[in-house]
Amino acid sequence: MKKLLMTLALGAAVGASAQQVIKVSVENTLRQARADQPVVISLADRGVVTSATVKSGNQEVPCQLDDLNQDEQMDELCFLADLRPLEKKTYTVTLMAEGEQKKYPARVYAEMLMRNDKVKEKNKHDNFIQSITVRGDCANSYNLQHHHGVDFESELNGIRIYFDNRQTLDLYGKFKKRLELQATQFYTSQEQKQQGYGDDVLWVGNTFGLGAFRGWDGQQPTMIDPVKTRTQRIISYGPLRTIVEVVDQGWRPDDSKAPVNMTLRYTQYAGHRDTDVDVLFNRNVEGYAFSTGIINVKGSTEFSDKMGLRACWGTDYPSTDTVNWKPETVGLAVLVAQKNIASEEPANKDNYAYVLKIEGDSMHYKVCYCSANEQFGFHRSSEWFAWLKRWRREVENPIVVKEM
């Protein structure tokens, strides 16, 4: 499975001038319009870049610069392309070694918060952090952060990742297409609910939730435990994509094998309900068994194309409190490259699972979901499953990006 994300390595020598101009062609190979298609340009060998602009003709296109390894050097430039069927566009990218990057309207959001005992309202906490690391013997990392872990969103979705050995993706369902997590902090007040804000829509327990990455003991998934340390951090806040990472150092997925260091990188693009997941290890992990999948929502209908796309549609309470919460209907999906699938396991009461194998030290997959609350989304399983087939076709036919 090819990534939708096209990373263009621009192999010019380190720029001697303060400004470099690049012409980039972006082509849609499908006979359907495509919006918000990520174009990512590597800045390796481009020298110091502190600001950039992107134009399509005379029209300025929002862009962002990202320092992926946190060394104060920008590693990638990202912008989003809107393309008509079979359209090819030319973009002019200007890289500068001076000035600050222009601020564009935010279309994504990410947040980490420590609890503030002086704040009584659950959606007004203000102890903002960017990274947190705990030792493996931390007694209760789940309750260290205000909403139990880093959260992020596009206009269409909202996800938090639990800061414990489950590392589960929990879901926020929206009614309207907009950013909401800064206002609700995953704890929507009654007043906000009356104003049309969304809320938590999934109970995950110890399941995969939406595509959590786990070990595999030969019969069932295993948690990310034991570890020496566990870290969550925000790499990029936007405005076009947010990148968050979960780092597990000294994880033993198999007691008979040496421990490994793992980084799970989650990238959320504006305009997208799907999320990219990159799994990165510090060394070759061939011979280790891993797993992912989705929760078997109570009474859910399953869909599988037997080629790595597995989904469900079902309804359940998002909390054990069935008095103050209403049942929520969601559609979930995970898309895994066939080369990484060791087996597709039969559904059980908890999960629709894949057993995974990795060649080398990394793999990539995607997760995606919808809430039936959405005014802009899907309200029947048939609609959801039909959209997923179209989504897979787009993923496998990415836009073509070339330096001119």
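The values are calculated or read from the model by the stated rules, or taken from the named source; none is laboratory data. For clarity, every value in this text was computed on a predicted model and none was experimentally measured. Note that each Cβ is placed from the backbone with ideal geometry, even for glycine, and that neighbours are counted across all protein chains shown. Heavy atoms of the whole protein, side chains included, go into the accessibility calculation; ligands, DNA and RNA do not. Shrake-Rupley method; radii C 1.70, N 1.55, O 1.52, S 1.80 Å.
Within the stretch 348-402, being part of a strand (DSSP E or B) and aromatic (Phe, Trp, Tyr) holds for Tyr352, Tyr354, Tyr365, Tyr369. In the stretch 128-140, the residues that are more than 24 Å from Ile243 (Cβ to Cβ) and in a loop (DSSP other than H, G, I, E, B) reach residues that are at pLDDT 95 or above and of a type outside the set (D, E, K, R) with C-beta atoms within less than 6 angstrom, at least six apart or across chains, in these pairs: Gly136/Pro226; Gly136/Val227. If you check Ser189 against the conditions, is it open to solvent by less than 10 Å² (accessible area, probe 1.4 Å) and of a type in the set (Ser, Thr, Tyr)? No, not satisfied. If you go through the stretch 173-186 and keep only what is open to solvent by less than 10 Å² (accessible area, probe 1.4 Å) and either touching a helix residue (DSSP H, G or I) at 6+ places or on another chain (Cβ under 7 Å) or without any contact (Cβ under 8 Å) to a residue 24 or more places away in the chain (or both), you end up with just Thr184. Inside the stretch 281-316, can you point out the residues that are out of contact with any Gly (no Cβ under 9 Å at 6 or more places or on another chain), in a loop (DSSP other than H, G, I, E, B) and buried (at least 16 other Cβ atoms within 10 Å of the Cβ)? The one that is out of contact with any Gly (no Cβ under 9 Å at 6 or more places or on another chain), in a loop (DSSP other than H, G, I, E, B) and buried (at least 16 other Cβ atoms within 10 Å of the Cβ): Gly308.
Restricting the stretch 147-171 to residues that are assigned to a loop (DSSP other than H, G, I, E, B) and open to solvent by less than 10 Å² (accessible area, probe 1.4 Å), the residue that is farthest from Val334 (Cα to Cα) is His147. Elements of the type strands (runs of 3 or more DSSP E) sitting completely within the stretch 58-105 and holding at least 3 residues that are modelled with pLDDT of 95 or more and buried (at least 18 other Cβ atoms within 10 Å of the Cβ): these cover 63-66, 76-83, 88-96. Which of the residues spanning the stretch 206-224 are within 17 Å of Val247 (Cα to Cα), among the hydrophobic types (A, V, I, L, M, F, W, C) and in contact (Cβ under 8 Å) with a residue 60 or more places away in the chain? Correct list: Ala212, Phe213.
Results for (1) surrounded by 19 or more Cβ atoms within 10 Å (Cβ to Cβ); (2) without any contact (Cβ under 8 Å) to a residue 24 or more places away in the chain; (3) within 19 Å of the chain's Cα centre (by Cα), shown as yes or no for each residue.
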position: Gly360; (1), (2), (3): no, no, no
position: Cys370; (1), (2), (3): yes, no, yes
position: Phe378; (1), (2), (3): yes, no, no
position: Ser382; (1), (2), (3): no, yes, no
position: Phe385; (1), (2), (3): yes, no, no
position: Glu394; (1), (2), (3): no, no, yes
position: Asn397; (1), (2), (3): no, no, no
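Can Glu98 be described as among the acidic types (Asp, Glu) and more than 23 Å from the chain's Cα centre (by Cα)? Judged against the criteria, Glu98 is a match. Against the criterion of being open to solvent by 20 Å² or more (accessible area, probe 1.4 Å) and either modelled with pLDDT under 95 or among the small types (Gly, Ala, Ser) (or both), Gly218 qualifies.
Taking residues in the stretch 336-355 that are open to solvent by 50 Å² or more (accessible area, probe 1.4 Å), and partners anywhere that are part of a loop (DSSP other than H, G, I, E, B) and hydroxyl-bearing (Ser, Thr, Tyr), the pairs with Cβ atoms closer than 6 Å and at least 6 places apart or on different chains are Asp350/Thr207. Among the residues of the stretch 228-238, those identified as farther than 16 Å from Asp75 by Cα and open to solvent by 20 Å² or more (accessible area, probe 1.4 Å) are Lys228, Thr229, Arg233. Annotation note: Cβ proximity below 7 Å between a residue of the stretch 228-239 that is closer than 15 Å to Ile159 by Cα and a residue that is assigned to a loop (DSSP other than H, G, I, E, B) (sequence gap 6+ or interchain) occurs for Gln232/Met112; Gln232/Gly149; Gln232/Val150; Gln232/Phe163; Arg233/Gln130; Ile234/Met112; Ile234/Gln130; Ile234/Val150.
In the stretch 241-256, the qualifying residues are those that are assigned to a strand (DSSP E or B) and not hydrophobic (A, V, I, L, M, F, W, C), and the one that is nearest to Gln130 (Cα to Cα) is Glu245. When you look at Asn157, is it out of contact with any strand residue (DSSP E or B) (no Cβ under 8 Å at 6 or more places or on another chain) and not charged (D, E, K, R), yes or no? No.
Residue check: Arg115 meets all listed conditions (1) in contact (Cβ under 8 Å) with a residue 60 or more places away in the chain; (2) in contact with a strand residue (DSSP E or B) (Cβ under 8 Å, 6 or more places away or on another chain) but one, namely (1). If you go through the stretch 17-56 and keep only what is open to solvent by 60 Å² or more (accessible area, probe 1.4 Å) and on the phi > 0 side of the Ramachandran plot, you end up with just Asp45.
The listed residues are Thr188, Thr207, Thr168, and the only one of them that is in contact with an Asp or Glu (Cβ under 7 Å, 6 or more places away or on another chain), under 29 Å from Tyr354 (Cβ atoms) and not aromatic (Phe, Trp, Tyr) turns out to be Thr207.
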